[in-house]
Amino acid sequence: MSDVLVERAEKIVPLLVKYLTRTAAIPLTLNHTVPLEHRLDAAARGYDVEEALCVSGTWDLDGSNSGSHDPAGAKSRRTQERLKAIGTLRAVARAFRAALNYDVQDLTLLAHWSPPVDAADRFRTCEVLSIYASRDADAVPDAVRALPNLRALSLGPTVRTPPWLAGFSRLVELELARPVGDIPPLPATLRIARHVYGPSNLDHVRGLPHLAELDIGDHRWRPCPMWLDELRLRAFAATNVSIPAFAEALRGMPLIRLKLVRAVPPPQSGLEGDAIENNRALDRALADPRALRALDLQGYPLAPFPEAVRGLVHLRELTLRDAGLQGLAAWL
């Protein structure tokens with residue numbers, strides 16, 4: 001390993017820093033005695049723990065102690081290589097010190113992490129935080145509340161949404177992969193809300209005054225919420241929804257981006273429209289085309305080519321995938 005560290009130090013050091021600072025809270029173990037989190041804590045405080053781990057055995061810098069059993073000075077060369085490796089590891093420790101205390105803006109950790117007492121200061125520059133669970137229904141560490149510059153929070157599958165989230169007035173972006181239990185009220189400052197596995201109830205986003213982007217995730221062909229048209233969204237995305245069911249709600253929104261994906265067929269007939277119904281629904285949904293810049297429809301039958309697209313005078317991006325189209329419209 002020392003050969004690799006010595007020969008590729010300039011490449012390895014930034015890669016190690018990038019990887020380990022993103023997993024600083026995960027109790028990985030680089031050897032069998034000193035967990036990574038302990039090494040990082042020591043490195044952040046200026047201790048050269050790597051030297052203590054690497055300096056062992058007999059040192060021979062000039063070959064004078066090699067004797068007849070080492071005529072080519074192999075032990076001396078190994079000693080020199082180990083010294084160079086230690087120098088590289090010291091550089092890593094210095095990089096840890098800077099990154100952990102000043103430069104981390106995007107951090108990923110496990111929900112069962114036990115944060116150090118100075119976590120709010122050490123990670124004070126963190127703006128984007130992703131939390132994943134190693135067990136079912138893990139909770140978000142309370143230390144997250146103290147991060148002064150956190151703006152975006154992503155909670156992985158089975159991570160419980162913290163009840164204190166409503167008072168987290170700095171948050172502007174939230175992603176929920178698969179919420180556990182009821183979702184508590186969200187902060188009024190939220191501008192972007194994304195879901196992966198859509199919850200059965202979307203009431204937690206109702207009434208958010210600054211919400212501009214909403215991805216409801218996999219809606220599983222459930223009906224459109226009656227109040228959805230109250231939102232003044234600039235971007236909307238959903239998977240497995242009926243275009244006719246959502247058309248009226250989308251009509252009144254000043255949308256810039258719209259994405260609808262049909263990933264799987266509905267569990268029973270009558271929950272989605274055919275090509276003719278989908279085209280008519282698009283005519284209603286896109287009746288006010290002044291703002292739309294991007295339209296992405298995937299998996300929905302739309303043949304012939306939807307006439308509603310013709311009126312989108314500011315459209316810059318168009319995706320019609322698996323729509324059953326035989327060709328492009330002549331006016332396109």
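Does Ala281 satisfy the condition of being part of a helix (DSSP H, G or I) and over 32 Å from the mean Cα position of the chain (by Cα)?
Values: part of a helix (DSSP H, G or I): yes; over 32 Å from the mean Cα position of the chain (by Cα): yes.
Yes; evaluated as a whole, the condition is true for this residue.
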Matching residues in region 201-224 - criterion: being farther than 16 Å from Val264 by Cβ and in a loop (DSSP other than H, G, I, E, B): Asn201, Leu202, Arg206, Gly207, Leu208, Pro209, His210, Leu211, Ala212, Pro223, Cys224
Condition broken by Leu325, with the remaining ones in (1) more than 24 Å from Ala235 (Cβ to Cβ); (2) at pLDDT 85 or above; (3) over 34 Å from the mean Cα position of the chain (by Cα) satisfied: (2)
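Would you check if Leu171 is under 20 Å from Leu129 (Cα atoms) and part of a loop (DSSP other than H, G, I, E, B)? Break it down stepwise before answering.
On the way: under 20 Å from Leu129 (Cα atoms): yes; part of a loop (DSSP other than H, G, I, E, B): yes.
So Leu171 fits the description; yes.
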Members of region 235-260 that are part of a loop (DSSP other than H, G, I, E, B) and open to solvent by 20 Å² or more (accessible area, probe 1.4 Å): Gly252, Pro254, Ile256
Residues satisfying the stated conditions in region 299-332, i.e. on the phi > 0 side of the Ramachandran plot and touching a Gly at 6+ places or on another chain (Cβ under 8 Å): Asp322
Conditions (1) within 16 Å of the chain's Cα centre (by Cα); (2) more than 25 Å from Trp227 (Cβ to Cβ): number failed by Arg160: (1)
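Give the residue, chosen from Arg220, Arg232, that is at pLDDT below 95, within 23 Å of His204 (Cα to Cα) and surrounded by 15 or more Cβ atoms within 10 Å (Cβ to Cβ).
Details: Arg232 fails: surrounded by 15 or more Cβ atoms within 10 Å (Cβ to Cβ).
One residue alone meets the criteria, Arg220.
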Contacts under 6 angstrom Cβ, first residue in region 306-319 being farther than 14 Å from Ala294 by Cβ, partner buried (at least 17 other Cβ atoms within 10 Å of the Cβ), 6 or more apart: Pro306/Asn279; Pro306/Leu282; Ala308/Leu282; Ala308/Leu286
Scan of region 160-173 for residues that are in contact with a Ser or Thr (Cβ under 8 Å, 6 or more places away or on another chain) and either within 19 Å of Gly217 (Cα to Cα) or among the aliphatic types (A, V, I, L, M) (or both), ordered by number: Leu171, Val172
Per-region count, region 261-274, residues modelled with pLDDT of 90 or more and open to solvent by less than 50 Å² (accessible area, probe 1.4 Å): 1
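For region 300-314, how many residues are surrounded by fewer than 17 Cβ atoms within 10 Å (Cβ to Cβ) and closer than 21 Å to Val241 by Cβ?
Initial filter on region 300-314 (surrounded by fewer than 17 Cβ atoms within 10 Å (Cβ to Cβ)): 303-304, 307, 310-311, 313-314.
Going one step further and asking which of them are closer than 21 Å to Val241 by Cβ, we end up with 303.
Count: 1.
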Check on Leu186, surrounded by 18 or more Cβ atoms within 10 Å (Cβ to Cβ), in a loop (DSSP other than H, G, I, E, B), touching a helix residue (DSSP H, G or I) at 6+ places or on another chain (Cβ under 9 Å) and free of Cβ contacts under 8 Å to residues at least 24 places away in the same chain: yes
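The values are calculated or read from the model by the stated rules, or taken from the named source; none is laboratory data. None of the values given here were measured: they were computed from a predicted structure. Virtual Cβ from ideal backbone geometry, glycine too; neighbours counted across all protein chains shown. Each accessible area value is taken on the protein alone, full model and side chains, heavy atoms only, with ligands, DNA and RNA left out. Shrake-Rupley method; radii C 1.70, N 1.55, O 1.52, S 1.80 Å.
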